[in-house]
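Below is one structure; the comments refer to it alone.
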Amino acid sequence: MKNMKAIVVLLLVFASGAAVGSYATMRVMPYRMPEGPPPARHMVRDLSRYIGLTDAQKAEAERIFESHREEVEAALGELKPRLDAILDKAAAELKPSLDDAQRIKLDELVVNIKEHKGRFHGPPPE
């Protein structure tokens with residue numbers, strides 16, 4: 001039971017860290033990030049930095065990554081409900097050890113994490 005609470009707390013800390021980090025990034029970024037997986041050119045740029053691609057290899061890698069974009073989007077769509085269910089389960093297990101004010105904050109946090117959907121939303125910072 002003690003280990004389970006530690007796991008739940010760790011999951012919630014991770015999720016809240018992701019939410020806070022995403023929010024902070026959204027406020028710092030000078031433009032709105034696209035929804036879905038990163039564009040192929042970003043993946044190619046990162047891959048090229050790591051393994052050193054030639055221009056021809058970059059073009060081929062971008063074509064390949066773009067050809068799998070729909071598969072990636074489908075996989076991300078399938079994963080979200082599972083992650084939401086795990087978050088709900090972990091929050092439900094944690095609630096008995098929280099006071100009323102903490103439960104309200106936890107409920108707000110869970111909603112915020114779910115609404116974020118792992119994507120950046122909102123206007124650019126002013």
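No value in this document is a laboratory result; all are computed from the given coordinates. Just so it is clear, the structure is predicted and the values come from calculations on it, not from any experiment.
A few comments on the model shown:
- The slack in the chain from S97 to A75, taken as 0.36 nm per residue of separation less the alpha-carbon distance, amounts to 4.5 nm.
- Full extension of the chain segment joining N112 with R82 gains 9.2 nm, where the gain is 0.36 nm per residue of separation less the Cα-Cα distance.
- Potential lengthening between E66 and L47 on full extension [0.36 nm per residue; Cα-Cα distance subtracted]: 5.4 nm
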